[in-house]
Every structure is written in C-alpha cells, then in structure tokens.
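Okay, so here's the structure we're looking at.
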Amino acid sequence: MTERVEPVRCDTAILIPSTVEDLESFVADPARYLCSVSEEPLAAARLWSERLRRNPFGGDGVVSIVYYGQELIGPSWWDDVTGVWEALINCVEAFRSGEPRIATLSGQPVELSLRRVPAGALFSIDRRTTLVDPGVFIQGVLDGAAEFSAWVHEYLGTCDAPSVERINRLR
C-alpha cells in the first residue's frame with residue numbers, strides 16, 4: 001500500500017525561549033527548538049506569552065509549508081510567525097489581483113512571491129522557486145493561515161493573526 005501525500009501541509013511552531021545558539025543545529029533539528037501550535041496548542045500559547053514578556057514579539061518561530069512532500073518554507077526562514085502568514089497572504093492577494101508584488105519577511109531580507117506562468121504559478125522564497133498548482137497551493141496556504149488565526153483567537157485571545165475575514169474573502 002502506498003502512502004498518500006497531502007498536497008499542501010502547513011504548520012506553525014513557536015520558538016522555545018533561549019535555545020537557538022547554533023543556526024545550523026536549529027535548521028538540522030528544528031523539532032528540538034520548536035513547539036507546534038497544532039500538536040501542542042497550550043504549550044505553544046504558554047511559550048508565546050513567555051516570549052512576549054521579554055521581547056516585542058511573542059510569535060518568534062517557524063511557518064512551514066510542504067507542497068507534495070517538498071518543503072517550500074521551513075526553519076531556514078524563522079521569523080515572527082504572524083508576519084510570515086501576513087506575507088504569504090499578501091502573495092496570494094497579489095496573485096489573485098494580477099498585480100506583480102513581492103512580499104518580504106519583516107526580520108530578514110527575504111522576498112516571497114507568487115506569479116503566474118503558463119504551467120501554473122511560481123512560488124519563490126529568497127532565491128528558491130517552485131512550480132505549483134495555484135488552486136491547490138493557494139487553498140492550502142489559506143487553510144494554514146485560517147488554522148493559525150483560529151489558534152491565536154482561541155488560545156491567545158488576541159488579534160495577532162491574519163484577519164479571518166481577509167482569508168475568507170480570498171477563498
């Protein structure tokens with residue numbers, strides 16, 4: 001029996017405080033440094049709150065997107081997770097409107113874009129580009145953003161997430 005691969009799998013993970021001292025180790029073994037909001041929602045909420053007491057952002061962490069088994073975004077691009085989701089939604093919005101626009105991650109000189117090509121769409125982050133099926137990819141990104149927003153509202157009780165109305169409008 002063959003294992004079925006999900007077209008798009010998204011996750012958000014919060015950085016465990018005071019643990020990243022070696023970026024190579026972090027990228028090689030992210031599970032040691034991150035707490036997934038979907039797998040451990042209460043623990044991730046506690047980490048967010050603890051980080052917020054010491055830093056301007058509680059949501060330092062990683063948004064991961066895996067497209068048909070290929071990691072498109074992961075630990076190499078850790079940042080404020082709300083900012084990453086906003087940048088991804090900006091890409092979707094630009095794609096849908098037909099405006100060529102590049103989003104950036106707030107804490108890094110990293111560019112994100114999603115642009116039309118005859119075979120579908122090209123998703124780019126930094127200098128890495130992947131051909132994606134826009135219908136599948138966009139739906140997966142919007143689902144991931146909606147799940148993150150729901151977690152923020154349920155476990156943090158704040159508005160530190162992309163607007164659910166904006167996400168629904170893009171669906």
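Considering the stretch 40-143, the qualifying strands (runs of 3 or more DSSP E), each wholly inside and each with 2 or more residues that are over 12 Å from the mean Cα position of the chain (by Cα) and either crowded, with 16+ Cβ neighbours inside 10 Å or modelled with pLDDT of 95 or more (or both), run over 111-117, 120-125, 128-132. The residue that is modelled with the lowest pLDDT, among those in the stretch 144-171 that are buried (at least 16 other Cβ atoms within 10 Å of the Cβ) and small (Gly, Ala, Ser), is Ala161. State whether the residues of the stretch 46-60 include one that is free of Cβ contacts under 8 Å to residues at least 40 places away in the same chain, on the phi < 0 side of the Ramachandran plot and touching a Cys at 6+ places or on another chain (Cβ under 9 Å). Within the stretch 46-60, one or more residues are free of Cβ contacts under 8 Å to residues at least 40 places away in the same chain, on the phi < 0 side of the Ramachandran plot and touching a Cys at 6+ places or on another chain (Cβ under 9 Å).
Picking from residues in the stretch 23-39 that are polar (S, T, N, Q) and at pLDDT 90 or above, the one that is most open to solvent (accessible area, probe 1.4 Å) is Ser38.
Looking only at the stretch 108-124, which residues are charged (D, E, K, R) and either over 16 Å from Trp78 (Cα atoms) or free of Cβ contacts under 8 Å to residues at least 12 places away in the same chain (or both)? Before you say what the answer is, go through the steps one by one.
Within the stretch 108-124, the subset charged (D, E, K, R) is 111, 115-116.
The answer is Arg115, Arg116.
This table checks each residue for (1) within 15 Å of Val92 (Cα to Cα); (2) in contact (Cβ under 8 Å) with a residue 40 or more places away in the chain; (3) among the polar types (S, T, N, Q).
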position	(1), (2), (3)
Asp126	no, yes, no
Val132	yes, yes, no
Ile138	yes, yes, no
Leu142	yes, yes, no
Glu147	no, yes, no
Ala150	no, no, no
Tyr155	no, yes, no
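The values are calculated or read from the model by the stated rules, or taken from the named source; none is laboratory data. These numbers come from a predicted model, not from an experiment. With ideal geometry, Cβ positions are generated from the backbone for all residues, glycine too; neighbour counts draw on all protein chains shown. Note: accessible area is taken over every heavy atom of the protein model, side chains too, but ligands, DNA and RNA are not part of it. Shrake-Rupley method; radii C 1.70, N 1.55, O 1.52, S 1.80 Å.
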